[in-house]
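Report on the following structure.
The values are calculated or read from the model by the stated rules, or taken from the named source; none is laboratory data. Worth saying up front: this structure is predicted, and the values here are computed from it rather than measured. When we count neighbours, we look across all protein chains shown, and the Cβ atoms used for this are built from the backbone with ideal geometry, even at glycine. With ligands, DNA and RNA removed, areas are computed over all heavy atoms of the protein, side chains included. Shrake-Rupley method; radii C 1.70, N 1.55, O 1.52, S 1.80 Å.
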Amino acid sequence: MASGQRIIIKLPRNTADIEALLEKISEKASASIISTEIRNNRLVIEIQGSVRASKDIKRTVHDILRDQTSRSFRSVITEDRIRDMGYKGPMDVLSFTLKKMGFDTEWEPPVLRSNAQVSVIRQVAQKLSDALKLVSGLNLSESARKAVMAVLALSGASTDVERVISVGLSKGVLARDRNNKILSVTEWREAADLIRGSLGVDG
């Protein structure tokens, strides 16, 4: 006899439209869905049906997520190709900057996946290359350098490197050590976000 079943599926970080996902599951489900809920990046589905129906729904959800992911990431670029564009900086900063510009992006060495067009990725890589030149001669830790680079690339010509650092120091996310080296007090992405917010820089 059919009974209640609970299905728990971990959602990928790049899952786009949750509501659209739930609608597709309802359309294709071979059993009666009692409820759906998102908990800690996991999709929890309660159904009224057999174990076989539960397996069918789980397979359906994985198929939908795979299709959604393949549509989301249109550009797949290797690190070597990005280096050929002239960008020699950290790849995670490129991925972070694209995300803040609203692009669905993921860096999994040695490949960058993004729904940004290659021409856009090239433009952002150039902006980061310019930012890297500005910070290369400064006494910054690796994490502080990443944060400052990202903010400079996102702000364009609207601000300069000294102002970015000054704001970071005043907000307490950057700090100087005894050797006058500038460090990132928080994780570099958090530091970049706080400095961006203080400067009024949109992603």
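Some points to look at:
- For the range 155-192, filtering for residues that are touching a residue at least 60 places away in the same chain (Cβ under 8 Å) and of a type outside the set (A, V, I, L, M, F, W, C) leaves 1.
- Within the range 76-100, if we keep just the residues that are closer than 12 Å to residue 124 by Cα and out of contact with any helix residue (DSSP H, G or I) (no Cβ under 7 Å at 6 or more places or on another chain), the residue that is surrounded by the most Cβ atoms within 10 Å (Cβ to Cβ) turns out to be 95.
- Within this structure, residue 44 passes the test of being among the β-branched types (Val, Ile, Thr), in a strand (DSSP E or B), at pLDDT 75 or above and open to solvent by less than 50 Å² (accessible area, probe 1.4 Å).
- Residue count for the range 134-180 satisfying the condition of being surrounded by 13 or more Cβ atoms within 10 Å (Cβ to Cβ) and in a helix (DSSP H, G or I): 23.
- Matching residues in the range 181-203 - criterion: being in a helix (DSSP H, G or I) and open to solvent by less than 50 Å² (accessible area, probe 1.4 Å): 188, 191, 192, 195, 196, 199
- Residue match in the range 102-123 (condition: under 25 Å from residue 182 (Cα atoms) and either at pLDDT 95 or above or in a helix (DSSP H, G or I) (or both)): no
- Index of the failed condition, residue 109 passing every other in (1) within 16 Å of the chain's Cα centre (by Cα); (2) surrounded by 15 or more Cβ atoms within 10 Å (Cβ to Cβ): (2)
- Test for residue 69: is it modelled with pLDDT under 95 and either open to solvent by 30 Å² or more (accessible area, probe 1.4 Å) or not in a strand (DSSP E or B) (or both): yes
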